[in-house]
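To keep things clear, I will list the structure first and then write my remarks on it.
The values are calculated or read from the model by the stated rules, or taken from the named source; none is laboratory data. Source: prediction; values computed, not measured. Cβ placement follows ideal geometry from the backbone for every residue including glycine, while neighbour counts extend to all protein chains displayed. Side chains are part of the model used for accessible areas, which takes the heavy atoms of the whole protein and leaves out ligands, DNA and RNA. Shrake-Rupley method; radii C 1.70, N 1.55, O 1.52, S 1.80 Å.
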Amino acid sequence: MNLMGIDIGTTSVKTGVFNESLEQKISLSADYTLDAHGDIVEFDGEKYWDIVRGEIEKVRAELSVDALSVDTQCETLILTDENGTPVRPAIVWLDNRADEEAKIIEAHFGHKRVYEVTGQPEITATWPACKLLWVKRHEPEIWAKTKKVFLLEDWILYKMTGKFVSEKTLQSSTIYFDIHKAEWWDEMLDFVGIDKNMLPTLYSSAECIGEYNGTKVVTGAIDQIAGAIGAGVVKKGIVSEMTGTTMVIFMPSDTVPEYDEKSIVPCHYNFDDKYCLLSWTPTAGMALKWFKNALCENFSFAELDELAESVPPGSDGVTFLPYLCGSTMPKYNPAARGSFTGLTTEHTRAHFVRSVMESVSCMLKSNLDYLGLDAQEIRAMGGGANSPFWCQMKADMTGKRLVTLKNKETACLGSAILAGVGIGAFSSVEEAVQKIELGRVYESQGTDYSECYERYLSYDKLLNIVE
């Protein structure tokens, strides 16, 4: 049996095919370029489908596929007429034109009310409710033609099966989906002016909803949830952290946390009809890449590891604050900036490299501490997971077991698992993830980073000041 997972990212589509043992048979990637002008970011909705269809056909030329599932980002919006023909280009999730509309919604509902219903602590221009209000106010002729409102996964499912359906994890950040009742939030729909007939029928993840050329089509989940499934993060006690350009921490939850006006951690609907929390920081691997490109351009990342390993934990007093693009969690301050502190003439390039890596590890610990998670294990993903030295540092810094994964395309794998569950190849997601091949396991070796971490927090308190 062959199961396909399709991960539609912001600028690429990745496709993976796996058998029932979750061994990967095929891996494909197709890049595309968005049409971006300032706050406006668009793409031709039909081209999304053209790319996905093309990748499916490449796979089918090599082997048959029993079932497939798709994961996407949450907020990319496609508006069509009653026949499913787009009436304007897709408004990509990155699009920020609806800033005024976000303020209008915020003034009417307030952050607390929106969070208590939708799990979203912020009201931003990227959310579909704000985008739809923008279209209604600024493109009335387009709004008059709009009869169906698709998000990107909905659109691909529609093109495959002809069915106007969606799955619930995808709707979490629309801010017109009630995550407690798992249905549309009528009050927000009425305020924006959306008729329920314009919205798809809601399904849970891993439900078979039709066929495409003989392949069963199954509802998926948002990219972060698919990635978590592909990493085996499906129960309390295990969290995932991805150190790529940014850092994303994902954790399952049985409940929606109480509203905290100081927190911007969103709570999403999860694949199992429960919940999950997403914490993220704008700079992680980017900080090390910046340092390499700016000051160590002739060094490989492996050589940077060797440099960092040559100095003791704590970098002999050097502390880096990794806020090259501001800070978000646990402290929201877009104006925050990066800095090195504690420098003397005794410090070398190696101290700087190690302090950058330690700062990202401190940021991981500070987010886990802030979230109050009782986690015993961290599943590590992203480019940072390729560094054994950095992985061991994170295990020692947090005091948690840290585990890497053999398959790096976790979103494709997670979607393939959902496809398998949807057709009965697996009895449950929980059963399927037992087959995921783990990589290296890092146990805390007792290296004492307590002084390093306290120093990081003290400099953060001094220099990362929220006005």
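Measure off 7 Å from each Cα along the Cα-to-Cβ vector at SER428 and TRP49, then give the distance between these two points in nanometres to one decimal.
3.7
At 1.4 Å probe size, with the rest of the protein present, what percent of the exposed accessible area of the chain is carbon and sulfur atoms?
Of the solvent-accessible surface of the chain, carbon and sulfur hold 48 percent.
Could you tell me the distance between the Cα centroids of the range 407-464 and the range 9-66, to the nearest Å?
What the calculation gives is 24 Å, centre to centre.
Among DSSP beta bridges lying fully in the chain, give the percent that are antiparallel, nearest 5.
Rounded to the nearest five, the antiparallel share is 70 percent.
Give the Cα extents of the range 90-211 along the principal axes, in whole Å, largest first.
The principal-axis extents, from largest down, are 44, 35, 25 Å.
Taking a probe of 1.4 angstrom, what is the accessible area of PHE340 in Å², to the nearest 10?
50
In degrees from 0 to 90, rounded to the nearest 10, what is the angle of the helix 349-371 Cα long axis to the longest principal axis of the chain?
Taking Cα atoms only, the helix is inclined about 50 degrees.
Would you kindly state how much longer the chain becomes between GLU377 and LYS235 on full extension, computed as 0.36 nm times their sequence separation minus their alpha carbon distance, in nm to one decimal?
50.0 nm
Can you give the translational diffusion coefficient of the range 1-84 in µm²/s, computed by Stokes-Einstein from the Kirkwood radius over Cα pairs at 10 °C and 1.306 mPa s?
Calculated translational D: 112 µm²/s.
What is the list of residues in the range 301-321 whose amide nitrogen lies under 20 Å from a point 7 angstrom out from the Cα of SER444, following Cα to Cβ?
Only 313-315 fall inside the zone, counting backbone N under 20 Å.
Helix 410-422 versus the longest principal axis of the chain: what is the Cα-based angle in degrees, 0 to 90, to the nearest 10?
40
What is the gain in length, in nm to one decimal, between SER253 and ASP35 on full extension, counting 0.36 nm per residue of separation less the C-alpha to C-alpha distance?
That works out to 74.8 nm of additional length.
Considering only C-alpha atoms, what is the centroid distance from the range 343-370 to the range 259-290, in Å?
With the range 343-370 and the range 259-290 each reduced to a Cα centre, they are spaced 22 Å.
Give the lysines whose C-alpha is closer than 17 Å to that of LYS163, dropping any in the same chain fewer than 8 places away, or say none.
Hits, sequence-local ones excluded: LYS147, LYS148, LYS196, LYS216.
What length, rounded to one decimal in nm, is gained on full extension from SER27 through to LYS163, with 0.36 nm per residue of separation minus their alpha-carbon distance?
46.2 nm
Under 26 Å Cα-Cα from LYS394, which lysines qualify once same-chain neighbours fewer than 8 residues away are excluded?
Counting by Cα, and skipping residues close in sequence, LYS394 has these lysines nearby: LYS235, LYS236, LYS289, LYS292, LYS331, LYS365, LYS406, LYS408, LYS435, LYS461.
In terms of solvent-accessible area of protein heavy atoms at a 1.4 angstrom probe, what is the ranking of GLU42, GLU122, highest value first?
Descending order: GLU122, GLU42.
Note the per residue figure in Å³ for the convex hull of the C-alpha positions in the range 334-384.
Spelled out: Cα convex hull of the range 334-384, divided by residues, is 139 Å³.
Under a straight-distance cross-link criterion of Cα-Cα below 17 Å, which lysines are reachable from LYS112, leaving out those fewer than 8 residues away in the same chain?
LYS103, LYS262
Please give the per residue accessible area of the range 338-467, computed with a probe of 1.4 Å over protein heavy atoms only, in Å².
43
Angle, helix 128-138 long axis vs. longest principal axis of the chain, Cα atoms, 0 to 90°, nearest 10?
The two axes meet at around 60 degrees.
Taking Cα centroids, how far is the range 203-218 from the range 148-200 in Å?
Each part reduced to its Cα centre gives a spacing of 18 Å.
Going through the range 52-99, which GluC sites (Glu not before Pro) have at most 14 other Cβ atoms within 10 Å and a DSSP loop state?
Listed in order of number, the matching sites are GLU62, GLU82.
Are there chymotrypsin sites (Phe, Trp or Tyr not before Pro) in the range 76-130 that DSSP puts in a loop and that have at most 14 other Cβ atoms within 10 Å, and which ones?
Here no loop site has a sparse enough neighbourhood.
The range 173-229: which trypsin sites (Lys or Arg not before Pro) are DSSP loop and have at most 14 other beta-carbon atoms within 10 angstrom?
Within the range 173-229, the qualifying trypsin sites (Lys or Arg not before Pro) (loop, at most 14 other Cβ atoms within 10 Å) are LYS181.
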